[in-house]
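In what follows, a single structure is set out as structure tokens and then discussed.
The values are calculated or read from the model by the stated rules, or taken from the named source; none is laboratory data. Here the structure is a predicted model, which is why all the values come from computation and not from measurement. Every residue, glycine among them, receives a Cβ derived from its backbone with ideal geometry; neighbour counts consider all protein chains shown.
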Amino acid sequence: MSGAPVVGVLALQGGFDAHARMLRDLGAGVREVRTPADLDGLDGLVLPGGESTTMTLGIAREGLAEPLAALVRSGAPVLGTCAGLIMLDRDHLGLMDIAARRNAFGRQLHSFETDLDFPDLDEPVHAVFIRAPWIEDHGPDVAILASVDGHPVAAREGDITVVAFHPELSGEHRLHAQFLDRVRARVSAAG
Ligand code: GLN
């Protein structure tokens, strides 16, 4: 196989455009995903922020839950941000062993910014939170990467990485770069 890997960005609703731009800037091929056919042959998947109730309805309307789960179970790396984190949890797509708490930081605190240390990054990540969830509970295979006031806001399970904030809005490209490294590793392992 040759050429750039192709990653999908779920584009039913929400902030998919900024993700797509960042991934293209990093050299990936990007396909916006709106129907099951759009998932064919993807090497990885990004679930953006937005509104998880609207996204859930869109996924049901388009019949995307099953094919999306199949792609993830086949081992395609995933990056979920904010509402994307919620979509992956036990109560939504059920692809990650986490329970997300929506709007966890309180309704009055719609947005805030802070710097977070990640175990595998030298410099802190500047994190923009917008009506963000946190991870209320998680299983033993989930590694917590960062927390705010003791509440997990970034985690990894296998090749699925989730963050409760919006790296795509602060010009923070390292998490997307790590995601693409995983995608490329998987593509080359598959030959
Ligand atoms: N509050 C939104 C929800 O519960 C998520 C916010 C976001 O993605 N920025 O779906």
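Remarks
- Flag for residue 159 being within 17 Å of residue 177 (Cα to Cα), touching a residue at least 40 places away in the same chain (Cβ under 8 Å) and of a type outside the set (S, T, N, Q): yes
- The lone criterion from (1) crowded, with 17+ Cβ neighbours inside 10 Å; (2) over 15 Å from the mean Cα position of the chain (by Cα) left unmet by residue 79 is number (2).
- Within segment 133-141, at least one residue is within 10 Å of the ligand (Cβ to nearest atom) and either farther than 20 Å from residue 14 by Cα or surrounded by 19 or more Cβ atoms within 10 Å (Cβ to Cβ) (or both).
- Residues in segment 102-125 that are within 14 Å of the ligand (Cβ to nearest atom) and touching a helix residue (DSSP H, G or I) at 6+ places or on another chain (Cβ under 9 Å): 102 alone.
- Looking across segment 153-165, the residues that are crowded, with 23+ Cβ neighbours inside 10 Å and either in a helix (DSSP H, G or I) or out of contact with any helix residue (DSSP H, G or I) (no Cβ under 7 Å at 6 or more places or on another chain) (or both) come down to 153, 154, 155, 165.
- Per the conditions (1) among the small types (Gly, Ala, Ser); (2) in a helix (DSSP H, G or I); (3) surrounded by fewer than 21 Cβ atoms within 10 Å (Cβ to Cβ), the sole criterion not satisfied by residue 20 is (3).
- A single entry from 73, 61, 90 fulfils the requirement of being touching a strand residue (DSSP E or B) at 6+ places or on another chain (Cβ under 6 Å), surrounded by fewer than 18 Cβ atoms within 10 Å (Cβ to Cβ) and more than 14 Å from residue 154 (Cα to Cα): 90.
Yes/no matrix, rows are residues, columns are (1) surrounded by fewer than 17 Cβ atoms within 10 Å (Cβ to Cβ); (2) modelled with pLDDT of 95 or more; (3) outside any strand (DSSP E or B):
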site: 86; (1), (2), (3): no, yes, yes
site: 106; (1), (2), (3): yes, no, yes
site: 114; (1), (2), (3): yes, yes, no
site: 182; (1), (2), (3): no, yes, yes
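- Of the residues making up segment 33-64, those that are assigned to a loop (DSSP other than H, G, I, E, B) and in contact (Cβ under 8 Å) with a residue 60 or more places away in the chain are 43, 48, 49.
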